[in-house]
Amino acid sequence: IYRYRCLYVASFISAEYLESDICMEEISSALLRTRDEGRNCLIPICMEKESLKDLLEKQKHPIPLLDPDVNYIAVYGKNGMLKEVEVADKIRRVAQKQIREK
């Protein structure tokens with residue numbers, strides 16, 4: 001479903017997500033589509049209070065496909081507060097940009 005029927009895959013990445021084989025299959029599928037279509041199809045959303053890079057390093061996670069320096073959306077701000085509205089707005093802007101470029 002992720003590979004062929006959606007514009008984007010929003011992956012809500014947490015420590016538990018990185019331990020799930022099913023979730024890693026979802027990311028792999030989205031990244032294969034990114035490669036096949038030559039455009040970014042993955043919107044990583046880090047659900048932890050630390051950065052995605054720190055999370056991957058802490059977990060010693062061997063995801064060669066998910067570059068820790070990739071642009072991602074952080075759910076928590078610098079003060080540790082959840083910022084749901086800002087996250088939803090960023091996802092909306094990414095999707096609208098893609099639609100306009102078509």
* **Under the Karplus curve 6.51 cos²θ - 1.76 cosθ + 1.60, θ = phi - 60°, whole-Hz ³J(HN,Hα) for region 24-34, x wherever Gly or Pro sits** => 5, 5, 4, 4, 4, 5, 5, 6, 5, 5, 4
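Let me check something: with ligands and nucleic acids excluded, how do Arg92, Arg39 order by accessible area (1.4 Å probe), largest to smallest?
On the way: Arg92 110, Arg39 45 Å².
Putting Arg92, Arg39 in descending order of accessible area: Arg92, Arg39.
Take Arg33, Arg93 and sort them by solvent-accessible surface of the protein heavy atoms, 1.4 Å probe, largest at the top.
Values: Arg33 20, Arg93 115 Å².
Listed by decreasing accessible area, they come as Arg93, Arg33.
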* Order by protection proxy (mean Cβ within 10 Å, highest first), peptides 73-80, 8-15 -> 8-15, 73-80
* To do: Could you look at the chain and say what percent of its accessible area is carbon and sulfur, using a 1.4 Å probe and all protein chains?
  => 53 percent
* Amide H of Ile13: which non-local residues (sequence gap of 5 or more, or other chain) have their own amide H closer than 5 Å, using H built in the peptide plane? -> Ile45, Cys46, Met47
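Set the bar at 24 Å for Cα to Cα. Now go through Lys58/Lys97; Lys53/Lys90; Lys53/Lys78; Lys58/Lys78; Lys60/Lys97 and name every pair that lies beyond it.
Over 24 Å apart, Cα to Cα: Lys58/Lys97; Lys60/Lys97.
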* Once you have the Cα-Cα distance between Leu7 and Glu25, take 0.36 nm times their residue separation minus that, and quote the gain in nm to one decimal. => 4.7 nm
* Ignoring ligands and nucleic acids, what accessible area does Ile43 show with a 1.4 Å probe (Å², nearest 10)? -> 10 Å²
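With runs of 4+ DSSP H residues as the only contributors, calculate the mean residue ellipticity of the chain at 222 nm using -39,500 (n - 2.57) per run, divided by the residue total and rounded to the nearest 500.
Numbers: 4 runs with 47 residues, N = 102.
Computed ellipticity for the chain at 222 nm equals -14000 deg cm²/dmol.
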* Computed from these coordinates, which is Cα Rg over 2.2 N^0.38 Å: (i) 1.35; (ii) 1.13; (iii) 1.07? -> (iii)
* **the chain, accessible area per residue, ligands and nucleic acids excluded (1.4 Å, Å²)** => 67 Å²
* Cα-based reach from Lys83 at 13 Å (exclusive), listing aspartates and glutamates while leaving out same-chain residues under 8 positions away -> Glu48
* List, in order, the whole-Hz ³J(HN,Hα) value for each residue of region 87-99 obtained from phi through the Karplus relation with A = 6.51, B = -1.76, C = 1.60 and θ = phi - 60°; use x for Gly and Pro. => 5, 4, 5, 5, 4, 4, 5, 4, 5, 5, 4, 4, 5
* **Top positive-direction residue, dipole computed over the chain with Cβ charges, set Leu32, Leu56, Val94** => Val94
* Under the Karplus relation 6.51 cos²θ - 1.76 cosθ + 1.60, θ = phi - 60°, what is the ordered set of whole-Hz ³J(HN,Hα) values for region 11-19, x standing for Gly and Pro? -> 9, 8, 8, 10, 4, 5, 4, 5, 8
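The values are calculated or read from the model by the stated rules, or taken from the named source; none is laboratory data. Values in this document were obtained by computation on a predicted structure and should not be read as measured data. In this analysis, Cβ positions are derived from the backbone assuming ideal geometry, glycine residues included, and neighbour counts consider all displayed protein chains. Only protein heavy atoms, including side chains, enter the accessible area calculation; ligands, DNA and RNA are left aside. Shrake-Rupley method; radii C 1.70, N 1.55, O 1.52, S 1.80 Å.
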